[in-house]
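**Q** Structure incoming, see below.
Rule-based calculations on the coordinates, nothing more; no lab input. Keep in mind that this is a model prediction, so the values were computed, not measured. Using ideal geometry, Cβ is built from the backbone for each residue, glycine included, and neighbour counts are taken over all protein chains shown.
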């Protein structure tokens, strides 16, 4: 897979064109989450079926993740937004794109859409929320606690016992990212969005959450603060919705992109 130098960072990406279909193909940009995540989580779950449906797709590794470069600093949300904008420009993608973000990837998608509303056709956010002051407090605490927990060798031993050696290796990599960069300090610094900023996100938003995920207390919160937002709750799922319920996510994405009915009051809780 190629890399491209944008915003003083080498970004590793994969650009897949969908199989020929009638009319111009919709463009999907997938943004993964923090820590152990990479473009593989989207590629392995969604690439084949969406490509077969005629969807163009762009997958990429966030700075500091996967095969993208890992600068020691430059991890504000604004830096991730600038990376995405630079990548789209460098690849000559000028048409509005559907942004699909998992966890922190959805936070980047919200920030990008607020700054460049003309470049976003829609947002699909999976277990995610905008970079608000409340988000910054929660994610800051989560990053600090994670860094402290992963600094103990026994943590990796416990992960290996519970989830296997592969997950333990991924966790070690996540710890190195936190220890060797300013991610934990910079990511919560934003810039953050207020209610006025959120009101500028007027494109359609689909929020997909697990019934036991990070937004379990109020899964429909985003519908009250965004102009055009629908929520789908996938039952018996936690924060790992994309991986554990990828077939439901795939079907929701296809319906959303091709503008079929996605969620009604009677059908938005999925099992």
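**Q** Once label points are set 7 Å from the Cα along Cα→Cβ at both residue 180 and residue 90, what is their separation, rounded to one decimal in nm?
**A** 2.0
**Q** Follow-up question, since we're still on this one. What list of whole percents do you get for P(r) of the range 100-247, with Cα-Cα distances grouped in 5 Å bins up to the one holding the largest distance?
**A** Result returned by the calculation: 2, 9, 16, 19, 19, 16, 11, 5, 3, 0.
**Q** Could you give the length gained on full extension between residue 118 and residue 247, defined as 0.36 nm per residue of separation minus the Cα-Cα distance, in nm?
**A** So the chain would gain 43.4 nm between residue 118 and residue 247.
**Q** What whole-number distance in Å separates the alpha-carbon centres of the range 1-77 and the range 159-202?
**A** Result: 17 Å between the Cα centres.
**Q** With N set to the number of residues, divide the alpha-carbon radius of gyration of the range 30-88 by 2.2 N^0.38 Å and report two decimals.
**A** 1.21
**Q** Set the Förster radius R0 to 25 Å, insert the Cβ-Cβ distance between residue 173 and residue 195 as r into 1/(1 + (r/R0)^6), and round the FRET efficiency to 0.05.
**A** Rounded to the nearest 0.05, the efficiency is 0.10.
**Q** Taking the Cα atoms of the range 151-206, report the difference between the largest and smallest coordinate on each principal axis, in whole Å and largest first.
**A** That works out to 46, 27, 13 Å along the principal axes.
**Q** When the helix-only estimate is applied to the chain (DSSP H runs of n ≥ 4, each -39,500 (n - 2.57), divided by the residue count), what is the mean residue ellipticity at 222 nm, nearest 500 deg cm²/dmol?
**A** Calculated at 222 nm, the ellipticity per residue is -12000 deg cm²/dmol.
**Q** Working from the alpha-carbon coordinates of the range 56-172, get Rg over Rh, Rh being the Kirkwood radius.
**A** 1.02
**Q** Right, another one. Report, to two decimal places, the Cα Rg of the range 1-105 normalised by 2.2 N^0.38 Å (N = number of residues). Write down the numbers at each step before the final one.
**A** On the way: Rg = 13.4 Å, N = 105, 2.2 N^0.38 = 12.9 Å.
For the range 1-105, the normalised Cα radius of gyration is 1.04.
**Q** Next question, about the same structure. Can you give me the C-alpha center-to-center distance between the range 80-128 and the range 217-238, rounded to a whole angstrom?
**A** After rounding, the separation between the Cα centres reads 19 Å.
**Q** Right, next: Note the full-extension length gain between residue 69 and residue 216 as 0.36 nm times their separation in residues minus their Cα-Cα distance, in nm to one decimal.
**A** 49.5 nm
**Q** Indicate, rounded to the nearest 5 percent, the antiparallel portion of the DSSP beta bridges found entirely in the range 10-103. Don't jump to the answer; show the numbers that get you there.
**A** Values: 4 of 13 bridges.
Taking every DSSP beta bridge within the range 10-103, about 30 percent pair in antiparallel fashion.
**Q** State the dimensionless ratio Rg/Rh of the range 1-60 (Rg: radius of gyration of Cα atoms; Rh: Kirkwood radius).
**A** The Rg/Rh ratio comes out at 1.02.
**Q** Quick check on the chain: of the DSSP beta bridges with both residues there, what percent are antiparallel, nearest 5%?
**A** 25
**Q** On to the next question. Under 10 Å, Cα contacts only: if you run a Gaussian network model on the chain, which one of 98, 167, 239 comes out with the highest mean-square fluctuation?
**A** So, out of 98, 167, 239, the one fluctuating most is 167.
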